[in-house]
Amino acid sequence: MSKSSKCESQRCDEAKSLPISRHRDALVRAVEDHVFLVVTGETGSGKTTQLPQYLYRAGLWKAGNIGITQPRRVAAITVAQRVSHEMRFTLGKEVGYQVRFDDCTSEATVVKYMTDGCLLREILADPLLSKYSIVILDEAHERSLNTDILLGLLKKTLCGVDKGSEGRSVPLHVVVMSATLETDKLSTFLGGCPVFTIPGRTFPVTSSFGSAIGPKDVNGSSYVNEVVRVALNVHSGELAGDILVFLTGQSEIEKACDLLYEKAERIDYRYDVQDQTVEGLLILPLYGSMPTDQQRQIFLAPPTGIRKCVVATNIAATSLTIDGIKYIVDSGFVKQLNHNSRVGMDILEVVPISKSEAQQRAGRAGRTSAGKCFRIYSNEFWEKCMLEYTVPEIQRTSLTAVVLTLKCLGVHDVIGFPYLDRPEERLILEALKQLYQFDAIDRRGRVTRLGELMVEFPLHPGLTRALLKAASFGCEDLLLPLAAMLSVENIFIRPGHPEKQKEADKKHRRLAAKAGGMNDFATLLSVFQWCKDSDSPSAWCKENWVHWRALKSAFSIETQLCEILLRLKQKRDFPVEVFTGNKSELFRRCLCTGYFTNVARRSVGKTFSTMDGHGTAVHVHPSSSLFEHEAELDWLIFHDMMVTSRVYLRTVCPIRYEWVKELLPKLHQVDVYELSNIAREEVDEEEVAKSESKEAKRLTEGSDKDVASKLEKRNDEASVCDARARYLQRKLERQHKAL
DNA sequence: GAGCACTGC
């Protein structure tokens, strides 16, 4: 027997012995008999890999494809690989996957694994999902933004009681798979559908509480020392098995590793990774921005007699699985990006994890054998400071892009949309307001022509607005690379060593100066071009302290954006405008149409004030090429804001007031109350007509009068501009034909 | 004169 076929038969035996295999026939029947089904089972139950195979073998693919969503790319790819292997198919034939930049499917594909974002894109192109007979939403308990939106969409427009599956030749079946959390809630949400429970195959993990961290430490005081102490106790007092420590970020992970290294030496024998004969502790940091080759060694088994201790961020909670972990040390905290409506900002902050998250962390110790979880916080902290469940992403994030997607799918009433957990109304109103400001929706909340173009781009709507402006002037070559560069992680490397730091800073300053200086957006654009045109792009990056990995992904994003734009430009009514002026001004004016919501004006000294109505006092970040040139500046736009010792603006560009003068009133003229009423109204023609007259009446009355006339005026200007654009487009087409 | 958790289209 060859090695590969032996491996294959082992796999098949494994699949047969999985807890799910006994329920095979009942599961297939349950899917067939119901529109909605909730399937629950812990990790190791086999639901992700086996259920699609059962449905395939029962012939259900004949009525349409079987689609399975995952919140993460790696999961979609690895599961598809495993399933195609188990079924003895070539990956990309009957079983395939699709993630951004990687479509491994063909005409023959009937079982398709994909990210939830991919399925959402498919719905935009084909709202009835006519190619599918079954859609499976996996890992629903993670409550990713896209999965939550898909849940609502599938409930409302595809299988809803109100609409049914009308327009489809066969009804769509939806399976929602979730760990054994909140399954009653899911079932209730889906009209009281049946819940199918599959036993898991994990090992017991016993958890214990500590006493050092209590309710008074809720703001995340120094828990690094305590984590280190507990980890060392585990090392010196527990049986063999590796340790996984959860902390919140790179700097404290490095601090903890240093401390562990220093103290382990004292309690331990000498240790040396190269010398496999001595006993000891192997300390390994793990966080997302770490180079991939360094991450790789985390997964290697430690040398005999050596205990591995991985000190990680939340990346080890779901994204990466490390074999051999028997002990967990849980700090009880996580770094989370939360949207703060009060200040109108996203703030990255350290917060206590939820109880379900703590259980998830503990579960990482029970994958191969029984494990132990040491929580450094007290029982009282658990009771008083930790929520039952993590606040779902949909309630903590900016909804601008999501609301546009929903509107483009015909969900006019975005407040009444069936959310599994409803976001605060304020969050939805903020999104509507932004969309209105970017001309993606009109005063009545309807998607504009521009909005229909905008939804096609996987970018923040503001950035898309700037890109489309540039495209209308025919200068998209300026904005496409920039949009790509702003979509990837920070491209500038800043090493820890002071000497190297100086060297890197110097290189970065030189790049900024060479790009013209005084414009961080232009620097990004130039870096993209220089690197791309270089004979050896990776060497160029190394030389200039730039992340090659980030640049590579910027290149593929630019290609993708370019393809989307080309497709849209072929449409008849793509806007066309004419601009006379120099290129630098053109570039910055295009930016202004998307970034006028991010305008700041210098107040006193080096302090600026935002113009979004909050009037936040802000400073230019020292990494900006405008830093220490503040006195020469008056107005500027910025890409993002960061809150540390001060509120800093990063990626900044000076502008003239005249360029935003027309746009700025838009920040204040729109009435959220008005938008909220609009948001609640139905698409019904009669309702629209009624709201029009009601709104016209309100706009011409009382204190709103001035605002109303201004709104009317601007909309007139906008429509004139649109008409002019259409005329120019037709003219160009005629000329083209004549040639 | 500074320090970014994790995903995804």
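Simple spin-label estimate for A:S208 and A:A617 gives 5.0 nm between the two label positions (7 Å along the Cα-to-Cβ direction from each Cα). Sorting A:D33, A:D505 from the fewest to the most surrounding beta carbons within 10 angstrom yields A:D33, A:D505.
Spin-label model, A:S17 to A:D442: label points 7 Å out along the Cα-to-beta-carbon direction sit 6.6 nm apart. Beta bridges assigned by DSSP with both partners in segment A:205-394 are antiparallel in approximately 25 percent of cases. Kindly list the residues of segment A:179-209 that lie in the label zone of A:A370, defined by a backbone N under 13 Å from the point 7 Å along the Cα-to-C-beta vector. The answer is A:203-207.
Mean projection of the Cα convex hull over all viewing directions, computed for segment A:205-394: 11.3 nm². Reducing segment A:310-386 and segment A:75-127 to their Cα centroids gives an inter-centroid distance of 31 Å. Per-residue Karplus couplings for segment A:98-104, computed as 6.51 cos²θ - 1.76 cosθ + 1.60 with θ equal to phi - 60°, are listed in order as 9, 10, 4, 6, 8, 9, 10 Hz, Gly and Pro entered as x.
Shown for A:I557, A:I149: other C-beta atoms within 10 Å of each C-beta, ranked fewest to most, produce the order A:I557, A:I149. Extension gain, A:Q501 to A:L300: 0.36 nm times the residue separation minus the Cα-Cα distance gives 69.2 nm. Label-to-label distance for A:E380 and A:D184 is 3.1 nm, based on points extended 7 Å past Cα in the beta-carbon direction. Under the shape rule built on the C-alpha gyration tensor, where the axes satisfy a ≥ b ≥ c, segment A:342-501 is oblate, since a/c reaches at least 1.5 while a/b does not exceed b/c.
Evaluated with a Cβ-only charge set (Lys, Arg +1; Asp, Glu -1), segment A:456-661 carries a dipole of roughly 140 debye about its Cα centre, given to the nearest 20.
Legend: ranking of residues A:I306, A:I213 from fewest to most surrounding C-beta atoms inside 10 Å; resulting order A:I306, A:I213. Given R₀ = 35 Å, FRET efficiency for A:D477-A:S169 by Cβ-Cβ distance, to 0.05? FRET efficiency, A:D477 to A:S169: 0.20.
For a modelled paramagnetic label at A:S398, 7 Å from Cα along Cα-to-Cβ, the residues of segment A:461-495 in reach, with backbone nitrogen under 13 Å, are A:461-466, A:487.
Readers should treat all values here as calculations from the given coordinates under stated rules, not as data from a laboratory. Keep in mind that what you see is a predicted model, and the values were worked out from it rather than measured. In this analysis, Cβ positions are derived from the backbone assuming ideal geometry, glycine residues included, and neighbour counts consider all displayed protein chains.
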